[in-house]
Amino acid sequence: MKILVIHASAGAGHLKAAQAIYEGLKKFTSHEAVFADSLDYTNPFFKKFYQRTYIFLVMGMSWLWGFFFGLLDRPWIQPLMRSSRRFYNGFNAQRLSAFLKDKNFDYVITTHFLPSEVVAALKRTGEIRSKLITVVTDFDVHRIWLNPETDLYAVACEWTEQKLRQLGVAQGKIRVTGIPVNEKFLHPVDRGELKKKLGLKENVFTVLIATGSFGIGPIEDILRILELPVGSSRREPTGLREEDGLQALVVCGHNRGLAERLRGRNYAGAKIFGLVDNMHELMAVSDCMVTKPGGLSIAEALVSQLPMIFFHPIPGQETNNVLVLREYGIGCMPADVQGIAGELRKLKSSSRREPNGRDAHLTALKNTWRLARPLAVQDIISLIK
């Protein structure tokens, strides 16, 4: 069968999920698999506008993004939304529609709502007969993902399943598969050897600080507070304190300026990275992850059994991810950087069974494993009949 795996290049999570599925299809099946970015088949101006507007809003005006995210999820606005989306997709995605009609795929697997809408519109008019599988890449689900023509929804967890049912999706159309991650995250590793490779100390509590692909958040403030002992009034940085038993891996994503500033501060206990392709290794050697709560980052941390502390969520999808995970006892989101430092010390103390520890680290590990879906890719592929 001919299978199309398609995403939209607006945020790294949709791309990474699609890549994981595509690579799984090539490895585990003999299907003819095709990989595509839906925005490559749109009006060039629309592609730039779509990407740049998203980046501008989430980085510079996140409150406005959150406002529109909430507004467009209201039931009463859905008829207007459907009409407007059909109009601008019909105009901007003509090449995508032509591509889908020409190739006539047996299955289309999408990890973004834009290509789902275009496929659904063509199915509605009978122009294609492809089966449509929509893979929701967050733990909550927005109404913009919904189309009556979707044959199956692959979702992160039972909470997401119940939310879809509340929104009127039939039970038979929903499968709890988990969010797909690259198989590299599933391979066992020798942590000791990997720590040597990365220049890390063997028996020191290791914190992974991830800023998302855009490299946003109070990273400098987090490192500054971590380098000071509890109760200290010093303000000049002196490097992460070895006596506190803490070392950090900081991933700055596309934010080169942040990476350069942090490297210039010479934090003795921190390794600074830009955009990385070995996140699976960084997670494997870490004891805790301080991260933005993006759907893919969370899914990767879950299968890596990493307790999570969240910061600086994008209003809308990321704040909702935090709320869903809270239902499973996973992660926390302190109000400020002092709170982040406090949670880290609690986890570190518990991981070493120090007198003041309350098994917080062990509990966090158990909770992450309960929600982890390491076989998400295989489960999604199994939906192809």
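The values are calculated or read from the model by the stated rules, or taken from the named source; none is laboratory data. Please read these numbers as outputs of a predicted model, since none were measured by experiment. Cβ atoms come from the backbone with ideal geometry, glycine included; neighbour counts cover every protein chain shown.
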Residue list for the range 23-63, restricted to those being aliphatic (A, V, I, L, M), within 22 Å of N92 (Cβ to Cβ) and out of contact with any Ser or Thr (no Cβ under 7 Å at 6 or more places or on another chain): V34, A36, I55, L57, V58
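Look through the range 1-49, keep the residues that are acidic (D, E) and part of a strand (DSSP E or B), and return whichever of them is farthest from the chain's Cα centre (by Cα).
This residue is E32.
Within the range 92-113, can one find any residue that is part of a loop (DSSP other than H, G, I, E, B) and within 23 Å of the chain's Cα centre (by Cα)?
yes
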Sole residue being among the aliphatic types (A, V, I, L, M), surrounded by 15 or more Cβ atoms within 10 Å (Cβ to Cβ) and within 26 Å of L4 (Cβ to Cβ), chosen from L39, L57, L72: L39
From the options I330, I340, residue that is of a type in the set (V, I, T) and either within 18 Å of the chain's Cα centre (by Cα) or surrounded by fewer than 21 Cβ atoms within 10 Å (Cβ to Cβ) (or both): I330
Only listed residue being surrounded by fewer than 19 Cβ atoms within 10 Å (Cβ to Cβ), in contact with a helix residue (DSSP H, G or I) (Cβ under 7 Å, 6 or more places away or on another chain) and at pLDDT below 90, chosen from R95, R86: R86
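Would you say I179 is out of contact with any Asp or Glu (no Cβ under 7 Å at 6 or more places or on another chain), closer than 29 Å to K27 by Cα, buried (at least 18 other Cβ atoms within 10 Å of the Cβ) and modelled with pLDDT of 95 or more?
Yes: the conditions hold for I179.
Name the strands (runs of 3 or more DSSP E) wholly within the range 242-347 that hold at least 3 residues that are among the aliphatic types (A, V, I, L, M)?
Per the criteria, 246-251.
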Criterion (closer than 19 Å to I314 by Cα, assigned to a helix (DSSP H, G or I), among the aliphatic types (A, V, I, L, M) and without any contact (Cβ under 8 Å) to a residue 24 or more places away in the chain) met by exactly one of L57, L80: L57
Residue within the range 198-213 that is in a helix (DSSP H, G or I), modelled with pLDDT of 90 or more and surrounded by 13 or more Cβ atoms within 10 Å (Cβ to Cβ) present: yes
Of all residues in the range 156-169 being touching a Leu at 6+ places or on another chain (Cβ under 9 Å) and either in the same structural domain as V324 (by TED's automatic domain parsing) or surrounded by fewer than 18 Cβ atoms within 10 Å (Cβ to Cβ) (or both), the one that is farthest from H14 (Cα to Cα): G168
Test result for I6, β-branched (V, I, T), closer than 21 Å to N147 by Cβ and either touching a residue at least 24 places away in the same chain (Cβ under 8 Å) or surrounded by 16 or more Cβ atoms within 10 Å (Cβ to Cβ) (or both): yes
